[in-house]
Amino acid sequence: MISLPWATFQLPIHLVDYVVAHELAHGRVSGHGPDYWQLLGRALPECLRLKAELDELGRRV
């Protein structure tokens, strides 16, 4: 099971998808090492672009 803060659902839907995929990947691989990013990239090929977009949004709010 994953738990997400309510603010997650205030994000644009494509970023909500990224956050959910990110957390689900942690069900298989802990941390953010190469195995983690490989798994997330297989599920969501644009994960690095989405991560950058989320990071930028976080800096602005």
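Any read-out appearing in this document is the output of simple, stated calculations on the displayed coordinates, not a laboratory observation. Computed from a prediction, not measured in an experiment: that's the story for all the values here. Positions of Cβ are backbone-derived with ideal geometry, glycine not excepted, and every protein chain shown enters the neighbour counts.
The C-beta contact set for region 43-61 (first residue more than 11 Å from Ala21 (Cβ to Cβ), second residue not small (Gly, Ala, Ser), distance under 7 angstrom, 6+ apart or interchain) comprises Glu53/Leu15; Leu54/Leu15; Leu54/Tyr18. Annotation for region 26-37: at least one member residue is hydroxyl-bearing (Ser, Thr, Tyr) and touching a Ser or Thr at 6+ places or on another chain (Cβ under 9 Å).
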